[in-house]
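S.K.: Take a look at this one; I'll ask things after.
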């Protein structure tokens, strides 16, 4: 810290976002919520789609070829499994989308507040810069006037010095 610069508190750049921190986890912070969010996020991944496709193909092949007969054609048990999966997946995905929309809105609001704070601070800095410029111009004008007065006084002193010199050095006639 220098003597000509006052100490300023560190700026918390995330101050507008901190009030929305509770929206960060989609379903909450408990174990169930974290697992539910992970499960909802997993539904749209290539790994899930590939694994589901492999299971369905294996299921159908095992039952059609006669290796096992736990779910013969028309695969009622497989349809029931898909229905059960849909019954859980749809609400989880909708809940995740709703909470994501809430997080996006909160983020947007916080960003708007931050931009507004920056605009206000910028306006204040511009006003301060204009005031400083005005003060500098006034000081320059004062300096110019003082310089002109100094020049006039210097010329006057020179004239008086020359006159005095003539008076003292002049030879009497």
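S.K.: Give the Kirkwood hydrodynamic radius (Å, one decimal) of region 19-131, defined as one over the mean of 1/r across all pairs of different Cα atoms.
M.R.: With all distinct Cα pairs of region 19-131 included, I get 18.5 Å.
S.K.: Treat each spin label as a single point 7 Å out from the Cα along the C-beta direction, and report the residue 146 to residue 83 distance in nm.
M.R.: Output for this residue pair reads 9.5 nm.
S.K.: Determine Rg/Rh for region 58-118; Rg is computed over alpha-carbon atoms and Rh is the Kirkwood hydrodynamic estimate from the same atoms. Can you show the working numbers first?
M.R.: Working: Rg = 23.0 Å, Rh = 15.3 Å.
In region 58-118, Rg relative to Rh is 1.50.
S.K.: Under a crude label model (7 Å from the Cα following the beta-carbon direction), how far is residue 133 from residue 153 in nanometres?
M.R.: Those two pseudo-labels are separated by 3.3 nm.
S.K.: Give me the percent relative contact order of region 19-131, please, defined on Cα pairs under 8 angstrom at least 6 residues apart. Could you put the intermediate results ahead of the total?
M.R.: Values: 44 pairs, mean separation 36.4, N = 113.
Over region 19-131, the number comes to 32 percent.
A short reminder: the numbers here are calculations on the coordinates, not readings from a lab. Here the structure is a predicted model, which is why all the values come from computation and not from measurement. With ideal geometry, Cβ positions are generated from the backbone for all residues, glycine too; neighbour counts draw on all protein chains shown.
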